[in-house]
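Undergrad: The structure is given below, and queries will be raised subsequently.
The values are calculated or read from the model by the stated rules, or taken from the named source; none is laboratory data. No experiment lies behind these values; they were computed from the predicted model shown. Ideal geometry is used to build each Cβ from the backbone, glycine not excepted, and the neighbour counts take in all protein chains shown. Quick note on the areas: whole protein, heavy atoms, side chains included, nothing else; ligands and nucleic acids left out. Shrake-Rupley method; radii C 1.70, N 1.55, O 1.52, S 1.80 Å.
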Amino acid sequence: MTTLDQPAAQPAEKAGQADKGRLRPLPRRRRDMALFWFLIPGIVVLLLFHYIPLLGNVIAFQDYQPYIGILHSPWSGLDNFDVIFNGDEQFLRALVNTLELTLIQVVFVFPAPILLALALNSLVSERIKKWVQNVLYLPHFLSWVVVVSLFQQMLGNDGMLNLFLSAHDMGNWSIIGNPETFKTLLTSQVIWKDTGWGTILFLAALSRVDHNLYEAAAMDGASRWRQTWHVTLPALRGLVILLLILRLGDALSVGFEQILLQQQGIGLENSEVMDTYVFNHGLIGGDWGVSAAVGLVKGIVGVALVLGANKIAHLFGEEGVYRS
């Protein structure tokens with residue numbers, strides 16, 4: 001009897017030991033209280049600068065005047081949305097420019113960190129890899145004022161490139177201030193500034209790939225390209241889909257500061273986007289209600305794109321941003 005009862009007692013003993021190792025809810029909360037205190041500054045920043053300002057969207061339905069405030073400004077209903085519903089020329093021009101830049105950046109800017117991460121991951125020497133990474137990360141920490149100034153010094157009418165061409169009787173190459181090359185210039189600036197920084201997430205994902213998979217693929221006769229296609233890219237698929245969904249949320253936001261710094265030399269017709277439209281009509285033109293209405297619609301469209309893209313990702317069996 002004793003020998004028969006003994007095995008049955010062992011699981012109970014193990015369960016008792018496991019319970020002893022677990023903290024009860026109250027002691028666990030006391031243990032984690034320091035972490036909760038660290039959360040408070042972040043929560044305060046989110047409330048003050050992200051959630052509370054959302055209440056200001058009420059001016060989209062008012063004839064808002066700053067000197068009388070939100071509480072005393074008269075209500076205007078949906079009048080401020082007429083520029084959207086009736087197709088205001090300036091708004092449509094900003095919308096077309098925004099969509100064109102978004103398409104260009106999704107095609108050329110979004111894949112750039114992926115390709116660069118694959119190239120860095122192929123480097124054998126860790127020392128060389130770290131040195132290259134440090135060099136590529138530096139442009140991210142430069143402000144757009146510095147980046148735009150550098151490009152003007154290099155590619156402006158009196159920049160280094162045109163001085164070199166003039167010195168060799170090769171004419172001038174008009175890049176800065178040229179409407180035909182403006183979108184290409186914006187895209188190249190974004191790639192130069194943020195591609196290196198964007199590789200961090202992809203390199204982290206690549207570091208988690210089991211090297212035994214590459215060895216098994218090599219033993220099966222897979223070339224380097226086949227290993228990349230069947231091992232490396234599937235490991236990045238979930239991250240790529242997640243970042244692409246988040247990018248769709250910012251589809252109507254394309255480089256406000258970058259464009260604003262170069263808008264004077266290129267003209268509004270070729271450089272006006274949704275964010276600069278809101279700035280120019282709100283802060284500059286004083287049409288606060290219309291600017292708030294455009295900004296509100298832009299935010300709603302961004303949320304709808306994220307939710308829709310996330311639903312499509314679920315249909316294809318991917319995690320997306322969240323699981324429903």
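Undergrad: For the range 269-284, in order, what is each residue's ³J(HN,Hα) by Karplus, 6.51 cos²θ - 1.76 cosθ + 1.60 with θ = phi - 60°, in whole Hz (x at glycine and Pro)?
TA: Result, ordered by residue: 4, 9, 10, 5, 10, 4, 5, 6, 5, 4, 5, 5, 8, x, 5, 8 Hz.
Undergrad: While we're on this one: Given the convex hull over the Cα atoms of the range 169-265, what projected area results after averaging over all orientations, in nm²?
TA: One quarter of the hull surface, i.e. the mean projection, equals 10.3 nm².
Undergrad: Note the full-extension length gain between VAL58 and ASN134 as 0.36 nm times their separation in residues minus their Cα-Cα distance, in nm to one decimal.
TA: 22.8 nm
Undergrad: With a point put 7 Å past each Cα toward its Cβ, work out how far ILE40 is from ALA204 in nm, to one decimal.
TA: Calculated label separation equals 2.8 nm.
Undergrad: Quick check: the distance between the Cα centres of the range 30-46 and the range 289-317, to the nearest angstrom?
TA: The range 30-46 and the range 289-317 have Cα centres separated by 30 Å.
Undergrad: Also: Quick one, which of (1) 139; (2) 188; (3) 280 is the actual volume of the Cα convex hull per residue in Å³ calculated for this model?
TA: Label (3) holds the value from this structure.
Undergrad: Still on this model: What length, rounded to one decimal in nm, is gained on full extension from PHE49 through to VAL106, with 0.36 nm per residue of separation minus their alpha-carbon distance?
TA: 17.7 nm
Undergrad: What whole-number value in cubic angstrom gives the convex hull volume per residue for the C-alpha atoms of the range 131-215?
TA: 158
Undergrad: Just subtract the alpha-carbon distance of TYR67 and ASN270 from 0.36 nm times their residue separation and send over the number in nm, one decimal. All intermediate terms of the calculation are to be shown ahead of the outcome.
TA: On the way: separation 203, 0.36 × 203 = 73.08 nm, distance 3.37 nm.
Going from the current span to full extension adds 69.7 nm.
Undergrad: Identify, among GLY69, TRP37, LEU305, the residue whose Cα sits farthest towards the positive end of the charge dipole of the chain, taking +1 on the Cβ of Lys and Arg and -1 on the Cβ of Asp and Glu, with the dipole about the Cα centre.
TA: Most positive-ward Cα: TRP37.
Undergrad: Given springs between every Cα pair under 10 Å in a Gaussian network model of the chain, which of LYS183, LYS298, LYS130 has the largest fluctuation?
TA: In the Gaussian network model the winner is LYS130.
Undergrad: In whole angstrom, note down how far apart the Cα centers of the range 58-94 and the range 177-238 are.
TA: About 44 Å separates the Cα centre of the range 58-94 from the one of the range 177-238.
Undergrad: Can you compute 3J(HN,Hα) from phi for each residue in the range 54-66, using the Karplus curve 6.51 cos²θ - 1.76 cosθ + 1.60 with θ = phi - 60°, rounded to whole Hz and x for Gly and Pro?
TA: 4, 5, x, 5, 4, 5, 5, 10, 10, 8, 6, 10, x
Undergrad: Pull up all non-local amide H partners of GLN62: gap of 5 or more, or a different chain, and H-to-H distance under 5 Å with H placed in the peptide plane.
TA: For GLN62, the qualifying residues are SER76.
Undergrad: What is the sum of charges, Lys and Arg at +1 and Asp and Glu at -1, for the other residues whose Cβ falls under 13 Å from the Cβ of PHE110?
TA: After counting each charged neighbour, the total is -1.
Undergrad: Let me ask you something else. Given the -39500 (n - 2.57) contribution per DSSP H run of 4+ residues, what per-residue ellipticity at 222 nm results for the chain, rounded to the nearest 500 deg cm²/dmol?
TA: Using -39500 (n - 2.57) per qualifying helix, the result is -21000 deg cm²/dmol.
Undergrad: Enumerate the helices in the chain for which the Kyte-Doolittle hydropathy averages -1.0 or more and the C-alpha atoms extend at least 27 Å along the helix's axis, using complete DSSP H runs.
TA: 89-108, 182-207, 288-315
Undergrad: How large is Rg/Rh for the range 28-177, to two decimals, with Cα atoms and a Kirkwood Rh?
TA: Rg/Rh for the range 28-177 comes to 1.13.
Undergrad: Probe of 1.4 angstrom, ligands and nucleic acids ignored: what's the accessible area per residue over the chain, in square angstrom?
TA: About 65 Å² of surface per residue is accessible.
Undergrad: Follow-up. Taking 7 Å along the Cα-to-C-beta vector as the label spot, tell me the LEU142-PHE256 distance in nanometres, rounded to one decimal.
TA: 2.3
Undergrad: What percent does the relative contact order of the range 79-315 come to when contacts are Cα pairs within less than 8 Å and at least six residues apart?
TA: 29
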